[in-house]
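Take a look at the structure below.
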Amino acid sequence: MNAASLALPPQSTTASKSGSEVAITVLDENGVAVQFAQATLTGTGGTAKCETDYAGHCEIAGLKPGSYQLRVEKEGFFVLTKKDVDVGTTEAVDVTLNHQHELVKTVNVVYSPPLIDPEKTTLSNTLSSHDIIDLPSSVPRDIRYSLPLLPGVLPDATAQVHVDGSDSPQTIYLLDGFTLNAPESRYFLTRVSVDAIRSVTLQNSRYPAEYGGGTGGVLDLTTGMGDDHFRFAGTDFLPSLAFNKGFHIGSWIPRFLVSGPLHRGKAWFLVAPEGEYSQNIINELPPGQDEVTSWRYGVLSKAQVNLASSNILTGTVLINGFGENHAGLSLFNPLPTTLDLRQSNDLLAVKDQAFLSKGMLFEVGLAATQFYSHQLPQGDQTYVIGPNGNSGNYFETAIERSKRLEGVTGLTVPLLAEGRHELKFGGDLERITYDASYVRNPFEIERTDGTLAREASFVGPSAPVLDNFAVGTYAQDRWSISKRFTFTPGVRLDWDEIVRDVLVSPRLAATYLLERGGETRLVGGVGVYYDSTDLNLLSLPLAGQRVDVFYNSAGTAPAGPPVTTSFQTVPGTLQEFKVLNWSAGVERKLPGSIDVDFEFLEKNGQHGFAYYNQCTVIGSCLNGTFTLHSQQQTNYHAARITVRKQFRGDHLVFASYTESRANANAVINFGLDNPVFSPQLGGPLPWDSPHRLISWGFLPLIRGYDLAYTVDARSGYPFYLVNQNQQLVAPPGSGHYPAYFSLDLALEKRFGFFGFLWALRAGFNDITNRQNATAVNNNVDSPQFLTYGGIQGRVLTAQIRLVGRK
């Protein structure tokens with residue numbers, strides 16, 4: 001008995017019930033239902049289509065008897081065609097749709113191109129495994145550096161990404177449905193082998209009610225699984241050389257992947273270990289003082305067992321470790337000021353999926369994650385912040401630990417109604433614990449003439465401990481009234497033990513096909529979204545106090561009483577950050593396999609967490625008493641056009657242009673380690689980039705060579721201006737980095753050697769040698785004011801991959 005036999009007959013996607021009917025069931029190579037695959041029957045009675053539901057079923061009714069050809073396709077899978085489907089005598093067709101993977105042997109397969117999905121209501125974009133592995137990237141082993149290839153995703157200097165005007169922690173990062181965000185900070189710190197990732201899907205807007213705790217969007221990493229064939233691959237198993245101030249070992253980043261059956265037809269495994277040793281040279285520093293070394297290891301292990309054809313159990317273990325000597329080295333931070341970092345994070349997860357009677361689908365999962373971080377300065381010499389850069393040893397030693405226990409569940413129920421109608425409801429919960437320990441030494445701030453301007457020391461306990469319990473429940477409806485109209489109302493309820501309010505999130509989206517052929521689609525929606533409670537901000541009142549002493553012009557005596565910087569919260573006054581998100585778009589399929597998509601997105605947020613003091617005047621603020629309030633308001637709007645041209649095979653060109661604005665009435669992030677004095681102020685957010693163009697693609701060349709490229713051009717980010725006392729002297733956004741432009745190119749050739757297929761790649765990152773800075777001297781009193789640093793420049797890259805046995 002298979003999953004299809006447990007379900008009631010699928011609901012037809014056609015209005016007519018006369019004629020013959022064919023029920024179609026689509027599973028992948030591991031017996032997992034393929035949702036939202038498009039099936040097309042073409043033959044005697046013309047052409048008819050349907051789209052699979054959550055259980056992989058759909059039905060085409062009203063067909064004239066005769067011989068038909070079945071075509072089933074979904075992005076990320078190979079197209080399946082089945083000839084001689086005899087409608088009138090054949091009542092059901094079961095098909096297996098195979099995930100796209102790198103082909104070793106030459107076989108007659110077709111990649112599924114992106115299709116206009118008549119039932120897709122979310123604003124989303126996807127990177128396939130092919131895109132992630134083969135498109136050139138400045139750091140190809142780290143998925144975070146591929147994410148900016150998605151429209152709406154902007155990177156910062158720390159490799160964190162910002163989705164459509166949101167801070168990085170406001171996005172939900174998922175690994176096969178489980179949360180990857182660091183428990184207390186909500187940052188995306190976990191590494192996952194890029195070879196093990198099948199796809200990355202970003203939902204920017206109109207995402208359904210099953211997702212809570214993120215106003216920025218949902219970024220879902222879907223990893224692979226073995227099948228009934230043993231497969232293996234390897235990448236960069238030899239060290240690479242770099243020419244940057246002479247030849248040296250640039251990096252050694254071996255990655256391997258092994259997958260296959262544990263029991264054919266019933267159980268499979270996948271193991272993806274990876275490692276890294278790299279030497280990064282800072283171009284602006286002198287030899288012998290310009291090198292950062294780092295190491296990393298990671299292992300993703302997965303197993304799937306089909307306990308029955310209708311019951312699938314999957315387990316996942318992800319282990320990460322990272323170390324870096326001289327972290328933070330730059331033009332403005334020489335070797336003694338840097339940190340030695342040690343970090344680790346692990347995830348253990350299990351999920352069960354069961355197909356029940358009457359077409360119902362039940363899922364339940366449990367995951368445990370833990371994070372550890374230790375930063376250690378190079379010594380205990382006094383740290384000095386100077387107008388032209390810093391000196392001494394960094395002042396803070398920190399140890400942080402956090403854990404999350406997460407549970408998720410969902411039940412999808414088909415409803416009897418005209419068209420196709422499904423209701424999904426479920427819930428999730430998480431328990432977070434966080435503790436930290438800080439040891440801080442005094443630091444000094446010097447003026448341009450070398451005199452002492454300010455001295456800071458720390459007092460009070462500095463070992464915050466926090467925990468939180470959160471629970472959410474949702475109901476999500478999906479009703480395709482006809483083949484041309486679908487709407488998806490939903491509602492979500494959330495509660496946690498810190499804010500203690502029941503948060504109600506209603507959401508609604510709809511899509512309509514203008515023509516029966518599906519060449520033009522209109523889509524729109526509106527919803528309310530909330531963030532998870534930010535434990536990082538709540539921990540500041542528990543992390544101690546800073547005492548600043550300001551000195552006279554000679555730097556010999558205090559110029560006034562000490563100023564104490566402290567943080568506090570007022571119990572019972574906080575509200576959760578709330579965003580009203582609405583968007584609308586039109587998608588058009590043009591001749592020549594060209595798709596054009598235009599979207600408008602508006603996000604208005606209120607009740608954001610921010611610390612406020614009593615200052616109001618820029619440049620004369622010396623009040624260090626900060627109180628946390630839910631008073632931040634944000635606004636983001638964007639107009640975006642995206643064009644995709646599909647060529648033969650898997651070759652394509654993608655381009656997207658976005659005009660946007662990201663602003664808030666509170667943009668200053670105060671903290672004990674941030675010496676800036678200022679009133680809380682509004683302005684552009686630090687990742688505001690009003691104009692951005694991205695493009696990437698794969699083009700065939702002669703003699704089996706392929707060209708891969710990426711282009712990123714955008715407005716420069718804003719930054720603050722301070723004086724030699726580290727006081728803000730102008731409104732946020734008064735300074736901007738130069739416009740950013742990067743063009744990366746790579747050529748790849750595949751060849752056979754010793755019975756194996758290999759892929760050899762060479763190219764240049766930032767081939768135009770554009771000086772794309774990531775740091776700046778923003779001290780208006782410094783002789784080096786507006787000197788830029790963190791410049792990578794042109795880099796020669798090379799890579800060899802073992803694709804598999806020929």
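Considering Cα pairs under 8 angstrom that are at least six residues apart, work out the relative contact order of segment 134-181 and quote it in whole percent.
Over segment 134-181, the number comes to 19 percent.
Please compute one quarter of the surface area of the Cα convex hull for the chain and express it in square nanometres.
33.1
Please give the calculated 222 nm ellipticity per residue for the chain, where each DSSP H segment of at least 4 residues contributes -39500 (n - 2.57) and the sum is spread over every residue; nearest 500 deg cm²/dmol?
-500 deg cm²/dmol
Cα-based Rg of segment 197-344 per 2.2 N^0.38 Å, rounded to two decimals?
1.42
In segment 172-239, what % of DSSP beta bridges are antiparallel (nearest 5)?
Among the beta bridges of segment 172-239, antiparallel pairing accounts for roughly 65 percent.
Taking θ as phi - 60°, what are the ³J(HN,Hα) couplings along segment 299-311 by the Karplus curve (6.51, -1.76, 1.60), each to the nearest whole Hz, with x for Gly and Pro?
9, 9, 10, 9, 8, 10, 10, 8, 4, 8, 5, 10, 9
In whole Hz and in residue order, list the ³J(HN,Hα) couplings for segment 322-331 that follow from phi through the Karplus curve 6.51 cos²θ - 1.76 cosθ + 1.60, θ = phi - 60°; x for Gly and Pro.
8, x, 8, 8, 6, 5, x, 4, 7, 4
If we sort 152-163, 747-758 on the protection proxy, mean other Cβ atoms within 10 Å, highest first, what's the order?
Ranked by mean Cβ neighbours within 10 Å, highest first: 152-163, 747-758.
In nm, give the distance between the simple-model label positions of Ala557 and Val526, each being 7 Å from the Cα along the Cα-to-Cβ direction.
In this crude label model, Ala557 to Val526 measures out at 6.5 nm.
Ranked highest first by average number of other Cβ atoms within 10 Å, how do 251-264, 518-531 line up?
Going from most to least packed, we get 518-531, 251-264.
Given Cα pairs under 8 Å that are at least 6 residues apart, what percent is the relative contact order of the chain?
9
Of the peptides 293-300, 47-54, how do they stack up when ordered by the mean number of other Cβ atoms within 10 Å, highest first?
Listed from highest to lowest mean packing, they are 47-54, 293-300.
Please report the spacing between the Cα centers of segment 295-335 and segment 474-520 in Å, no decimals.
Here the two parts' Cα centres lie 33 Å apart.
Could you please report the charge total around Gln370, scoring K, R as +1 and D, E as -1 over all other residues with beta-carbon less than 10 angstrom from its beta-carbon?
+2
Values quoted throughout were computed directly from the atomic coordinates according to the rules given, and no laboratory measurement underlies them. Small disclaimer: the values here were computed from a predicted structure and weren't measured. Please note: Cβ atoms are built from the backbone with ideal geometry, for glycine as well, and neighbour counts cover all protein chains shown.
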